[in-house]
1. How far apart, in nm, are two points set 7 Å out from the Cα along the Cα-to-Cβ line at Thr341 and at His296?
2. Which entries in the list Lys164/Lys315; Lys49/Lys315; Lys31/Lys315; Lys115/Lys315; Lys120/Lys251; Lys221/Lys333 go over 31 Å, if you measure between the two C-alpha atoms of each?
3. For the stretch 79-317, just run the numbers: alpha carbon Rg, then divide by 2.2 N^0.38 Å, N being how many residues it has.
4. Let me check I've understood the local charge: for Lys333, count other residues with C-beta under 12 angstrom from its C-beta, Lys and Arg +1, Asp and Glu -1. What total comes out?
5. Would you mind classifying the stretch 300-342 by shape? Square roots of the alpha carbon gyration tensor eigenvalues, ordered a ≥ b ≥ c; an a/c under 1.5 is rounded, otherwise it is prolate if a/b is larger than b/c and oblate if not.
6. What does DSSP give for the stretch 63-185 in terms of the percent of beta bridges that are antiparallel, rounded to the nearest 5?
7. Under the rule of at least 5 residues apart or a separate chain, name every residue whose amide H is placed under 5 Å from the amide H of Glu329.
8. Could you calculate the FRET efficiency of Gln81 with Val331 from 1/(1 + (r/R0)^6), where r is the beta carbon distance between them and R0 is 45 Å, rounded to 0.05?
Amino acid sequence: METWQRLLQESIVRPGDLTRRFGIDPQPLEKVAELYPMRVNPYYLGLIKSAGDPIWRQAVPAEDELHDTVCPADPLDEENQSPVPNLVHRYPDRVLFLVCAECAMYCRFCTRKRKVGGDKMHIDQETIAQGISYIRSHPEIRDVIVSGGDPLLLADERLDWILKELRAIPTVEIIRIGTRVPVVLPQRITPALVRILRRYHPLYINTHFNHPDEITEQSTKACARLIDAGIPLGNQTVLLRGVNDEPEVMKRLMQKLLLIRVRPYYIYQADMVQGTNHFRTTVEEGIEVIRSLRGHTSGMAVPAYVIDAPGGGGKIPILPDYLQSMGDEVVLKNYQGRTFTYANAAAKCEPEQLQAANEWAGRKANG
Ligand SMILES: *Cc1c(COP(=O)(O)O)cnc(C)c1O
Ligand code: SF4
């Protein structure tokens, strides 16, 4: 048995097993874990410094999950945008293809909390074959996002087979894998897995770090293995109350991602998912996070901040008010709050002005 399989097998799946180590009363949490599965493997458990810290909040059930009266189960309307089971076709040229119902950890804030890890998500050879044939018969699909659950929990051979089938479709240009494995079970990124993945270029991976403490020697090594195989790594972070809602924490996370060569891609406003209301911040706080990044640190450390629109409208970018007004003059505010104006080109293009400008340029050119 490989290390990662052993770690998975040794996962804690009941809150009671945390009592000895952290001295908590597990009783109220057992009910939560019955409704929404718990799985914390020894590696991720080892990142917890104390009960209630940002790592704990992501991994350990909380009573709040049962008291959410605000959020619906499927806010992104994924089920209604699935032409075949486990495939979401929301955008014109790309699809989300769910190939595994299991995860290395059940994140308490998960967007697919309604179905991951339970028997509510039916994925088998039949649904996967249906997904592949849907993609094959829709040549407009040039980008396939392989997700779940976590696709990297599939056995090597199975994943190899799915990727081979997708790669054999001539209209599929890029394949992306969405996985939290480099963060929560980095031991899964074995040399054998990487040898499989690198056969299917152009292949991209987006992973999901939410806190600087998740960047460890092991996760760094896992990312390096993938990147050294020519797989660009992006990161999607969810803005979470009590985890990364302090601008300083988020800035440190983004900077540390660049240190391990992972490019920040998105910061998501937390989806309105039933059982996760206690994780949500205001949108103003999200804007503040972006404001504290842009200009203050490397541009490469600044991802797009998006809200995945409830009802299935897709990801919508949100920016602080850098653009103050538009017209003949564009009024702009920089990261320090200073105002600048830019003369709008189209507004100035009166024929006589253009001629004057050309004559002026001609005189300059002729000395
Ligand atoms: C997020 C998402 C995508 C990919 O969006 P990008 O902005 O291209 O990364 C595609 N389909 C669905 C259903 C999604 O939720
Ligand atoms: S790994 Fe992703 S899909 Fe799985 S529980 Fe965490 S957020 Fe949800």
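1. Here the answer is 3.0 nm between the modelled labels.
2. Exceeds cut-off: Lys49/Lys315; Lys31/Lys315; Lys120/Lys251; Lys221/Lys333.
3. This ratio for the stretch 79-317 stands at 0.98.
4. Cβ neighbours under 12 Å give a net charge of +2.
5. The shape class here is oblate.
6. Bridges in the stretch 63-185 are about 30 percent antiparallel.
7. Placed amide hydrogens put Asn344 under 5 Å from Glu329.
8. 0.70
Readers should treat all values here as calculations from the given coordinates under stated rules, not as data from a laboratory. Not measured: the values here are computed from a predicted model. Heads up, the Cβs are rebuilt from the backbone with ideal geometry, glycines too, and the neighbour counts pull from every protein chain shown.
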